[in-house]
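To start, the structure itself, in structure tokens.
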Amino acid sequence: MSFYLQSLHYYPVKSLGEIESDSLRFDEFGPALDRRFMLVDDSGCFVTQRSETSLRFIAVSVSAECLALNHPSFGVLEYHLHEFSDPLEVSVWNDSVSALGLGNSEKDAVLSEYIGKSVRLVFMPDSSFRQVDREYFSADRRVSFADGFPVLLCNTASLLDLNGRLDQPVSMSRFRPNIVVSGQEPFEEDSWRRIRIGEIEFAVVKPCSRCVMTTIDDAGEKGKEPLKTLATYRRNEHGACFGQNLVPLSNGHIRVRDELVVLE
């Protein structure tokens, strides 16, 4: 049975806008530049759409030299990636992570005014090592500021099944995947343990338990769906699940229309 990649996505700043791409390069952290940046509050704790829904409206672009944040209310904020400030410890879930400040107080003030709370932008440098959850993957492997694993895969057939149960369909963007595969059966990805895409093999390590972020609509308003419906038929010991968390077993590239081969 053949599966093909329909789309690829990465999210340079945790909880901000996505970038869709024809290809993804994988390095030691997962998809290159995926969630290497993050907003933190004055205590160094991560800030996401779970509490600040306005983050979803900030568009992001990135190159080897510059990260740019864009919103109509403040225009474009450019951060040059060689202009790091002080090192600091930040927290994401239960992990304490070494990071670098990025930008300056003026740019932080602009973001803080937009969000309505004091924040600053930080970057995870190559010298920082945050371990993938060893409960599900025992070997040494990095993860960026992503919630727990380097890669999230979702299946178009699974979304079609979910939308058939909803009064109002939702888009795949609600789930913020890296890899979207054109599946043939809903949730067939649940049975996969090891896959190959292009030149990279991936371990399929854990169903992705979903949170309130999936209920934030295009207007930035929180509702009950699709989480309420997912809980009626997709709940297990991890929670209400949609998608699978992956760990890449090597570096390399994958591309839209690449074949996905189930190895186990």
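Just so it is clear, none of the values below were taken in a lab; they were calculated from the coordinates. Keep in mind the model is a prediction, meaning the values are calculated, not measured. All Cβ positions, glycine included, derive from the backbone under ideal geometry; neighbour counts span all protein chains shown.
Of all residues in segment 86-125, how many are touching a residue at least 60 places away in the same chain (Cβ under 8 Å) and either surrounded by fewer than 13 Cβ atoms within 10 Å (Cβ to Cβ) or of a type in the set (Lys, Arg) (or both)?
3
Return the total of residues in segment 24-54 being hydroxyl-bearing (Ser, Thr, Tyr) and under 20 Å from residue 67 (Cβ atoms).
Of the residues in segment 24-54, the ones hydroxyl-bearing (Ser, Thr, Tyr) are 43, 48, 51, 53-54.
Applying the additional criterion that residues be under 20 Å from residue 67 (Cβ atoms) yields 48, 54.
Qualifying residue count for the region: 2.
Counting just the residues of segment 184-225 that are within 20 Å of the chain's Cα centre (by Cα) and in a helix (DSSP H, G or I), which one comes out nearest to residue 255 (Cα to Cα)?
The residue in question is 189.
Taking segment 237-264 only, how many residues are assigned to a loop (DSSP other than H, G, I, E, B) and either surrounded by 15 or more Cβ atoms within 10 Å (Cβ to Cβ) or among the aliphatic types (A, V, I, L, M) (or both)? So that I can check it myself, show each step before the final result.
Filtering segment 237-264 for residues assigned to a loop (DSSP other than H, G, I, E, B) gives 237-238, 249-251, 256-258, 263-264.
From what's left, either surrounded by 15 or more Cβ atoms within 10 Å (Cβ to Cβ) or among the aliphatic types (A, V, I, L, M) (or both): 249, 256, 258, 263.
Number satisfying all stated conditions: 4.
Considering segment 1-34 alone, what residues qualify as being more than 24 Å from residue 196 (Cβ to Cβ) and not hydroxyl-bearing (Ser, Thr, Tyr)?
Across segment 1-34, the qualifying residues are 12, 13, 14, 16, 17, 18, 19.
From the residues in segment 112-124 that are touching a strand residue (DSSP E or B) at 6+ places or on another chain (Cβ under 7 Å) and not in a loop (DSSP other than H, G, I, E, B), which one is farthest from residue 65 (Cα to Cα)? I'd like the intermediate steps shown before the answer.
First, the residues of segment 112-124 that are touching a strand residue (DSSP E or B) at 6+ places or on another chain (Cβ under 7 Å): 114, 119-124.
After this cut, where a residue has to be not in a loop (DSSP other than H, G, I, E, B) as well, the list is 114, 120-123.
On the way: 114: 25, 120: 19, 121: 16, 122: 15, 123: 13 Å.
The qualifying residue farthest from residue 65 (Cα to Cα) is 114.
Under 8 Å between Cβ atoms, at least 6 apart or on separate chains: pull out the pairs that start in segment 1-27 with a residue that is over 21 Å from residue 220 (Cα atoms) and end on any residue that is polar (S, T, N, Q) and surrounded by 22 or more Cβ atoms within 10 Å (Cβ to Cβ).
Close Cβ pairs satisfying both conditions: 8/178; 24/178.
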